[in-house]
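Before any comments, here is the structure.
The values are calculated or read from the model by the stated rules, or taken from the named source; none is laboratory data. If you're wondering where the values come from, they're calculated on a predicted model, not measured in any experiment. Because the Cβ atoms are built from the backbone with ideal geometry, glycine has one as well, and the counts that use them run over all protein chains shown. Note: accessible area is taken over every heavy atom of the protein model, side chains too, but ligands, DNA and RNA are not part of it. Shrake-Rupley method; radii C 1.70, N 1.55, O 1.52, S 1.80 Å.
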Amino acid sequence: MFMTNQNFIESKKEAREFYKSLFTIVGPIALQNLISAAVSSADVIMLGYVGQDAIAAVSLASYVQFILFLFFIGLSSGVVMLAAQYWGKKDTYSIETIFGIGSKLSGAVGLTFALLSLFAPEFLMKIFTNDTRLIELGSDYLRIAGIGFFILAFSQIYQAVLKSIERVKIVTAITTSALLLNILLNAVFIFGLFGAPKLGVKGVALATTIARVIELAICIAAAGSVKEIHLTISTLFRKNKVLLQDFIHYSLPAIGNEAVWGAGWSMYAVIMGHLGSDLVAANSVVNVVRNLASVLCFGMAYGGAIVLGKQMGANQLDLVERNASRLVRSTILAGVLGALVMAVARPLLFVIADLNQSAQAYLTPLLYINCLSIIGAAINTVLICGVFRAGGDAKFGLLLDSFAMWVMSVPLGFACAFVLKLPPVIVYLIMYLDEWEKMIFNVVHYKRKKWIKNITRDFDEGN
């Protein structure tokens, strides 16, 4: 009995230490996500004064940035997977080298998207809609916003490294400052405050680009103040073939996973875009509430990857198994709470933006579909992006999302929309069931425990 009580006390102490470490990281990440969602909300509200077409056009154009973000998330995941484990091992030289590798790859991706947005925005918009007015407005947005895509490439890697070494509060301060500036500049350029011209959708793009420039400048300054690591220009040119191979090995499946998932979501946008601007506008408003309601559960997933990764790098593998279970249970609860918040927030949908009657009719059913979806998304995200990636296992998520989205949801969506010609709400429901389709496979993989791995290597500086 004494041993049982002693074990119980130790388990409680261990749980308290885990939750303390988790929420020290999750709190700032959730706040960062909340403010990011608030910026999107402010965009929708302020663009509501410009018109419904402006909301729909920016929403569709933002899918280009959304796809870019997914590449950055994949690259950042590669950084976090390796850097968090090397942080647990206290190997800062390898973390600096990983920063250089990630920055070069991220910069190449950002430059590609920037050039496409600057010189071929109409081509990008035609992927999502055939509405001439939306293509025109969206192209105006992309020509300006594209400048910030290249800048964003570097700030994302800076932030990934700082998160990996548990400087999450610094990252939150940086992104909070940039996002609040973004909201202020949105108001300035949309409403023509302080003598500025009224630029509409161009104003939103300009505000975002200016905020990106300032965000990168703060990232560089903040990284320079961290004593443990030195993220200098010289680290961009540092070479380590083994680390490069490891980075590619672990980050490519993560990039592929995000690309597959993001391309699937973009296909959902294509389908909705061809079902009418009313559905697109209504979905934009519902997404405002969904993004706000999901900040905690997604923050727990990405924060949990850092905590578990550090413990794996320190070879505390038995502890990782127990803490992963705690992380999953907590995130499921956060997902349920998020769904309840969305349901309670239903009256807000009708005051966020000035939609026409047809668009308003979509709001309630789309909201409840997202309430169901967000619970499944919380479970899948914490497993794929949190637990599995902490141990370098990104391949499973790539395979699972490829099947669930491209064999099931996307073909079904196209068939239901353009062959069977079902009502738009039914098509929307069928597409958003993908989270529940793949959940059982995630749970089975989690139970097998093959994701628990220390993926670090032993290096001497300069090798």
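Using only the Cα atoms of segment 108-232, build the gyration tensor, take square roots of its eigenvalues as a ≥ b ≥ c, and label the shape rounded, prolate or oblate: rounded if a/c is under 1.5, else prolate if a/b is larger than b/c, else oblate.
Judged from the Cα gyration tensor, segment 108-232 comes out oblate (a/c at least 1.5, b/c at or above a/b).
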- Note on the structure: Probe 1.4 Å, all chains present, heavy atoms only: THR364 accessible area in Å², nearest 10, is 30 Å²
- Would you please give the FRET efficiency between ASP458 and GLU122, computed as 1/(1 + (r/R0)^6) with r the Cβ-Cβ distance and R0 = 51 Å, to the nearest 0.05? 0.45
- Query: How much of SER325 can a 1.4 Å solvent probe reach, expressed as accessible area in Å² and rounded to 10?
  - Reply: 40 Å²
- Note on the structure: So the compactness index of segment 216-367, its C-alpha Rg divided by 2.2 N^0.38 Å, takes the value 1.44
- Task: Work out how much length LYS421 to SER358 would gain on full extension: take 0.36 nm times their residue separation and subtract the Cα-Cα distance, in nm to one decimal.
- Result: 20.9 nm
- Relative contact order in percent for the chain (Cα pairs under 8 Å, 6+ apart) equals 23 percent
- Task: As a check on your grasp of the helix formula, calculate [θ] at 222 nm for the chain: sum -39500 (n - 2.57) over DSSP H runs of n ≥ 4, divide by the residue count, round to the nearest 500.
- Result: -28000 deg cm²/dmol
- Query: For the residue pair LYS447 and PHE237, what label-to-label distance in nm results when each label sits 7 Å from Cα along the Cα-to-beta-carbon direction?
  - Reply: 5.4 nm
- Message: Among ALA269, LEU308, LEU340, which residue has its Cα furthest toward the positive end of the charge dipole of segment 251-387, with +1 on Lys/Arg Cβ and -1 on Asp/Glu Cβ?
- Response: LEU308
- What distance in nm separates the simple spin-label points at VAL226 and TYR368, each placed 7 Å from Cα in the Cβ direction? 4.7 nm
- Message: Just to verify a number: FRET efficiency for THR176 and GLU10, C-beta to C-beta distance, R0 = 41 Å, to 0.05?
- Response: 0.60
- Item | Debye log10 I(q)/I(0) for segment 131-176, one point scatterer per Cα, at q = 0.32 Å⁻¹ | -1.04
- Pull up all non-local amide H partners of GLY192: gap of 5 or more, or a different chain, and H-to-H distance under 5 Å with H placed in the peptide plane. LEU199
- Item | Long-range Cα-Cα pairs in the chain (distance over 35 Å), rounded percent | 29 percent
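Rounded to a whole number, what % of the accessible area of the chain do carbon and sulfur atoms account for, probe 1.4 Å?
Values: 12730 of 19170 Å².
Accessible surface attributable to carbon and sulfur in the chain totals 66 percent.
I need the helices of the chain that pass two filters: whole DSSP H segments spanning 30 Å or more by Cα along the axis, and mean Kyte-Doolittle score no lower than 0.5.
Flagged H segments are 52-89, 92-119, 132-164, 168-191, 201-224, 241-275, 317-344, 357-381.
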- Item | Given LYS163/LYS450; LYS104/LYS447; LYS104/LYS395, the pairs whose alpha carbons are separated by over 27 Å | LYS104/LYS447
- Item | Segment GLU321-LYS20, extension gain: residue separation times 0.36 nm, minus the distance between their alpha carbons | 106.6 nm
- So which aspartates and glutamates pass the test for LYS438, namely a Cα distance under 12 Å, with those fewer than 8 places away in the same chain ruled out? ASP401
- Using a simple spin-label model with points 7 Å from Cα along the Cα→Cβ vector, what separation in nm is obtained for LEU111 and THR132? 3.8 nm
- Message: Given a 1.4 angstrom probe, what's the average accessible area per residue across the chain, in square angstrom?
- Response: 41 Å²
